[in-house]
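Encoded as structure tokens, the structure appears first; notes follow it.
We did not get these values from a lab; they are worked out from the coordinates using the rules stated. No experiment lies behind these values; they were computed from the predicted model shown. All Cβ positions, glycine included, derive from the backbone under ideal geometry; neighbour counts span all protein chains shown.
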Amino acid sequence: MNQGLIVFLNGTSSSGKTSISTELINQKEIPFYHLSIDDIFNNYNDFVNNKFPDEPPRGIDHQVVSQIVDDSILSVYHSTIKLLSELGFNVIVDTIIANDKYFNDFYDLLVDYPILFVGVRCSKEELTRREQSRGDRLIGLAHSQFDKVYSYNEYDLEVNTEKLSPTECADKILSFIKSDQGYSAFKKLSKREISVS
Ligand SMILES: Nc1ncnc2c1ncn2[C@@H]1O[C@H](COP(=O)(O)OP(=O)(O)OP(=O)(O)O)[C@@H](O)[C@H]1O
């Protein structure tokens, strides 16, 4: 069985990844499974808030717990992407490469899979405007991610969500897939050095 295509949308918060994903899912030519890291974390947060609203704080190091929980969830996220691709499903990866370790984990597991690496671009000014208008993200979140997220300069394809609507971005991605140009950008990237302090 052929591995499913992984469409990796790389952009900061509010850059338009989920809007593009929705358009990709709505078209009927190529089926996609949408895997958003937001959904996975929201499910976890909802579970904890609903099940343990009155739990007294325990004598534990919350930073350690949060690190373990985050790592576990990310590991499930990455493995699910791999599994779906292995089963032949096309997957949209809607996530934010927040740090080098996150990228390296993803790279180790998935570099040999067919990945269409898409840069989802938007200016800092427009990102702030979107944060203000949507109201469900911290103002400045996208700015704080900007340099790290856009430090990857090899893409198969880039879309500018300030100039193109989500439908136009999705159409551009579909045209690229149908053109059979192949996917090489992600393989050209290399793992990041992680400094130990
Ligand atoms: N191409 C676009 N043109 C104009 N507005 C857009 C475009 N794409 C997204 N938006 C708007 O920007 C906001 C954020 O969009 P979206 O949720 O798709 O971003 P995101 O990258 O998935 O964000 P997050 O990572 O925070 O979930 C929404 O209010 C959306 O309507």
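Give me Thr12, Thr95, Thr22 sorted ascending by neighbouring Cβ count inside 10 Å, so fewest comes first.
Numbers: Thr12 25, Thr95 22, Thr22 15.
Exposure proxy ranking, most exposed first: Thr22, Thr95, Thr12.
Going from the alpha-carbon gyration tensor of region 136-197, what semi-axes, largest first and in whole Å, does one get by taking the root of 5 times each eigenvalue?
Its equivalent ellipsoid spans semi-axes of 26, 21, 7 Å.
For each of Ser13, Ser72, count neighbouring Cβ atoms within 10 Å of the residue's Cβ, then give the residues from fewest to most.
Sorted ascending by nearby Cβ count, the order is Ser72, Ser13.
List the relative contact order of region 87-157 as a percent without decimals, with contacts defined as Cα pairs under 8 Å and 6+ residues apart.
41
Give me the number: length gained by fully extending Lys148 to Lys101, i.e. 0.36 nm times residue separation minus the C-alpha to C-alpha distance, one decimal in nm.
Full extension from Lys148 to Lys101 adds 15.7 nm.
In region 127-160, which GluC sites (Glu not before Pro) fall in coil by DSSP and have 16 or fewer other Cβ atoms within 10 Å?
Answer in residue order: Glu154.
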